[in-house]
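My structure is below; once you've seen it, I'll send some questions.
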Amino acid sequence: MIFGAGLNQYNLIQAAKNLGISSIVLDPNPVAPGKNIADYFYHVAGADYEMTKQIALKHHVNGLATTQMEKPLRLMAQLAQELNLLFHSKEVVERSLDKWLMKQAFAHNGVPCAKGYLLKNQNEVDKSICDKVGYPLIMKPKDATSSQGVFKVDCYEQVIKNREKTSYYSQNGEIILEEYLPGNEYSVESITYHGNTTIIQHTEKFITPFPYTVEMGHLQPAHLNIHQKNQIDRVVKAAINAIGIDNSASHAEIKLTPDGPKMVEIGARGGGDFISSNLTLASTGVNMDEAIINVALDEKPQVYQRLNQFSFIKYFELPVGKKIIKIEDYSTLFSYKNLVFANIAIKPGEKVEQITESKKRPGFVIVKGKNRSQVLNLAKDYSQNIISRIKMDE
């Protein structure tokens with residue numbers, strides 16, 4: 001059973017087909033893209049546990065899988081427990097979704113990470129606590145995703161100013177104030193099977209200027225030497241063990257600081273923004289979507305590297321405030337040798353907003369190539385090409 005049929009789960013559904021495995025696919029969107037390649041598709045609300053369970057029993061489901069999203073993880077853990085299927089326990093899911101529980105697990109197990117403080121909804125913001133954490137600091141919701149409500153602030157007044165915005169994205173209003181970690185940020189894609197973790201790829205991040213922290217690009221492989229990779233890998237594996245992630249993909253976010261690698265967060269699923277799917281497959285030849293299905297069925301995944309190439313996803317920008325009049329056909333781009341995938345997310349009639357969170361990015365291109373400079377240049381050229389197909393008002 002596959003949870004999600006959006007663009008980010010499309011390759012997971014295709015992977016099941018490649019492996020000759022029947023896919024029972026659920027999505028709250030009745031016209032989700034993956035519907036067309038699913039063996040069985042059900043339009044189900046994300047929180048409808050009883051209907052999900054009945055569908056699982058009807059099809060005698062023997063494995064659960066999702067990728068690049070976190071919303072179904074709690075439901076999946078409950079279903080796995082009831083049906084005796086291989087998946088994260090409820091406790092592991094909570095540690096992977098609740099950033100404060102995650103930080104506590106890191107601290108308890110000696111995993112280097114940013115020091116922080118939990119600000120509960122009813123509490124006043126204690127200036128002495130902020131001063132103790134130190135400026136600049138990062139404000140983030142305790143349990144949100146996609147860069148929602150995350151700010152870098154330089155003083156107490158900015159904490160007060162942004163508190164309500166950050167709290168809005170937290171389920172119970174709680175936010176985390178944590179030290180800002182200097183250094184470049186990377187993500188690490190892994191597969192863990194019966195306690196053995198294989199690091200698949202290291203990804204370099206491109207992020208918007210502060211105060212927002214929206215990811216606008218991901219490049220594989222990251223520009224790291226062997227020593228840096230080994231340092232990062234040790235910390236990532238320690239984080240995986242601290243959370244208790246097993247028989248799963250994971251997506252770690254880490255900063256390489258002057259004091260060494262320090263964890264930011266880790267997800268108990270494949271990395272979003274097509275990192276664990278299109279990007280990793282293009283750069284390493286490892287099909288992480290197939291590996292996710294393998295481990296869900298308690299089968300040893302194929303995770304050895306077949307390629308040593310470069311891949312890059314670039315999210316392009318449009319002039320803020322412009323109204324989209326028309327989007328011309330851009331299917332000819334897909335004939336380009338080095339284009340992996342492209343998509344325009346914004347629709348005619350919509351206005352271009354400032355990119356303050358991931359869902360406001362208007363579109364992207366994914367490219368592959370032999371070296372770093374080639375993929376950066378190709379992404380720039382292809383982005384300009386696709387932008388030329390988007391007609392806006394004057």
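If one computes the Cα centroid of region 159-233 and of region 40-103, what distance in Å separates the two points?
One Cα centre to the other: 24 Å.
Rg(Cα) of region 210-302 divided by 2.2 N^0.38 Å? Don't jump to the answer; show the numbers that get you there.
Working: Rg = 14.2 Å, N = 93, 2.2 N^0.38 = 12.3 Å.
Relative to the 2.2 N^0.38 Å estimate, region 210-302 comes out at 1.15.
For an R0 of 45 angstrom, estimate the FRET efficiency from the Cβ-Cβ distance between Asn84 and Arg389 and round to the nearest 0.05. Kindly include the intermediate steps, with their values, before the conclusion.
Details: r = 50 Å, r/R0 = 1.12.
My answer for the efficiency is 0.35.
Pulled fully out, how much extra length does the chain show between Ile160 and His60, if you take 0.36 nm times their separation in residues and subtract their Cα-Cα distance? Mind dumping the intermediate values first?
On the way: separation 100, 0.36 × 100 = 36.00 nm, distance 5.21 nm.
Answer, rounded to one decimal: 30.8 nm.
Return the FRET efficiency for the residue pair Tyr40, Asp131: r is the Cβ-Cβ distance, R0 is 35 Å, and the value is rounded to the nearest 0.05. The partial results should precede the final answer.
Numbers: r = 57 Å, r/R0 = 1.61.
With R0 = 35 Å, the Cβ-Cβ based efficiency is 0.05.
Rounded to a whole number of µm²/s, how large is the Stokes-Einstein D of the chain at 4 °C and 1.567 mPa s, given Rh as the Kirkwood radius over C-alpha pairs?
59
With θ set to phi - 60° and the Karplus curve 6.51 cos²θ - 1.76 cosθ + 1.60, what are the ³J(HN,Hα) couplings of region 133-144 in order, to the nearest whole Hz, using x for Gly and Pro?
Coupling constants for region 133-144: 4, x, 9, x, 9, 9, 9, 8, x, 5, 8, 9 Hz.
Can you show me the helix-derived [θ] at 222 nm for the chain, built from DSSP H runs with n ≥ 4 at -39,500 (n - 2.57) apiece and divided by the number of residues, rounded to the nearest 500. Present the calculation step by step, with values, prior to reporting the outcome.
Numbers: 11 runs with 119 residues, N = 394.
Result for the chain, helices only: -9000 deg cm²/dmol.
Let me know the Kirkwood hydrodynamic radius for region 326-374, please, with Cα pairs as the basis and the value in Å to one decimal. Could the numbers behind the result be given before it?
Working: mean 1/r = 0.0780 Å⁻¹.
Averaging 1/r across every pair of different Cα atoms and inverting gives 12.8 Å.
Further, regarding this structure: Could you tell me the largest-minus-smallest coordinate of the C-alpha atoms of region 115-179 on each of the three principal axes, in descending order and whole angstroms?
Principal-axis extents of the Cα atoms in region 115-179, largest first: 26, 23, 21 Å.
Another one. Could you work out the local net charge near Glu394, counting Lys and Arg as +1, Asp and Glu as -1, over the other residues with Cβ closer than 13 Å to its Cβ? Intermediate values should be presented prior to the final figure.
On the way: positive: Lys322, Lys323, Lys391; negative: Asp393.
Taking every Cβ under 13 Å from that of Glu394, the sum is +2.
While we're looking at this one, here's another question. I'd like the projected area of region 311-392, averaged over all directions, using the convex hull of its alpha carbons. Report it in nm² with one decimal. Could you put the intermediate results ahead of the total?
Values: hull surface 20.5 nm².
Mean projected area of the Cα convex hull: 5.1 nm².
Using θ = phi - 60° and the Karplus relation 6.51 cos²θ - 1.76 cosθ + 1.60, list the HN-Hα couplings for region 309-316 in order, rounded to whole Hz, with x at every Gly or Pro.
Here the 3J(HN,Hα) series is 10, 10, 9, 8, 10, 10, 8, 8 Hz.
Give the residue list of trypsin sites (Lys or Arg not before Pro) in region 81-149 that are DSSP loop and have at most 15 other beta-carbon atoms within 10 angstrom.
Numbers: sites: Lys90, Arg95, Lys99, Lys103, Lys115, Lys120, Lys127, Lys132, Lys142; in loops: Lys115, Lys120, Lys142.
Counting only loop positions with at most 15 other Cβ atoms within 10 Å, the trypsin sites (Lys or Arg not before Pro) in region 81-149 are Lys115, Lys120.
Sort region 201-359 into rounded, prolate or oblate with this rule: let a ≥ b ≥ c be the square roots of the eigenvalues of the Cα gyration tensor; rounded if a/c is under 1.5, and if a/c is not under 1.5, prolate when a/b is larger than b/c, oblate otherwise. Display every interim value, and only then the final one.
Working: a/c = 1.98, a/b = 1.47, b/c = 1.34.
Taking the square roots of the gyration eigenvalues as a ≥ b ≥ c, region 201-359 is prolate.
Oh, and also: What net charge do the residues around Tyr169 carry, taking every other residue with its C-beta under 13 Å from that of Tyr169, with Lys and Arg at +1 and Asp and Glu at -1?
That sum, taken over residues with Cβ under 13 Å, equals +2.
Loop only by DSSP, 16 or fewer other Cβ within 10 Å of the Cβ. Give me the chymotrypsin sites (Phe, Trp or Tyr not before Pro) in region 329-394 that pass, ordered by residue number.
On the way: sites: Tyr330, Phe334, Tyr336, Phe341, Phe364, Tyr382; in loops: Tyr330, Tyr336.
Loop-located and lightly packed - Tyr336.
Pop out the ³J(HN,Hα) list for region 201-218 in order, Karplus 6.51 cos²θ - 1.76 cosθ + 1.60 with θ = phi - 60°, rounded to Hz; leave Gly and Pro as x.
Running phi through 6.51 cos²θ - 1.76 cosθ + 1.60 with θ = phi - 60° gives 7, 10, 10, 9, 9, 10, 10, 4, x, 5, x, 7, 9, 8, 7, 10, x, 9 Hz.
Follow-up question, since we're still on this one. For region 32-145, place one equal point scatterer on every Cα, skip the solvent, and apply the Debye formula. What is log10 of I(q)/I(0) at q = 0.12, 0.17, 0.22 Å⁻¹?
So the normalised log intensities are -0.62, -0.93, -1.29.
In the chain, with Lys and Arg counted as +1 and Asp and Glu as -1 at Cβ, which of these residues, Gly267, Thr213, Ala47, has the Cα nearest the positive end of the dipole, that is, farthest along it?
Looking along the dipole axis, the top candidate is Thr213.
Another question, if that's okay. If region 2-92 were replaced by its equivalent ellipsoid, with semi-axes equal to the square roots of 5 times the Cα gyration tensor eigenvalues, what would those be, largest first, whole Å?
19, 14, 13
Please report, for the Cα atoms of region 106-256, the Rg to one decimal and the Dmax as a whole number; what are they, in angstrom?
Every Cα atom of region 106-256 included, Rg and Dmax give 16.5, 48 Å.
Something else: Counting other Cβ atoms within 10 Å, keep those with at most 11, restrict to DSSP loop, and tell me which GluC sites (Glu not before Pro) in region 325-385 are left. Show your work: numbers first, answer last.
Values: sites: Glu328, Glu350, Glu353, Glu357; in loops: Glu328, Glu350, Glu353, Glu357.
Passing sites in region 325-385 are Glu328.
Taking the Cβ of Ser276 as the centre, find all other residues whose Cβ is under 12 Å away and add up their charges (Lys, Arg: +1; Asp, Glu: -1).
On the way: positive: Arg269; negative: Glu189, Asp273, Asp289, Glu290.
Counting the neighbours of Ser276, the net charge comes to -3.
The numbers here are math on the coordinates, done by the rules we state, and not lab data. Being a predicted model, the structure only gives us computed values, none of them experimental. Reconstructed Cβ throughout: ideal geometry from the backbone, glycine too, with neighbour counts over all protein chains shown.
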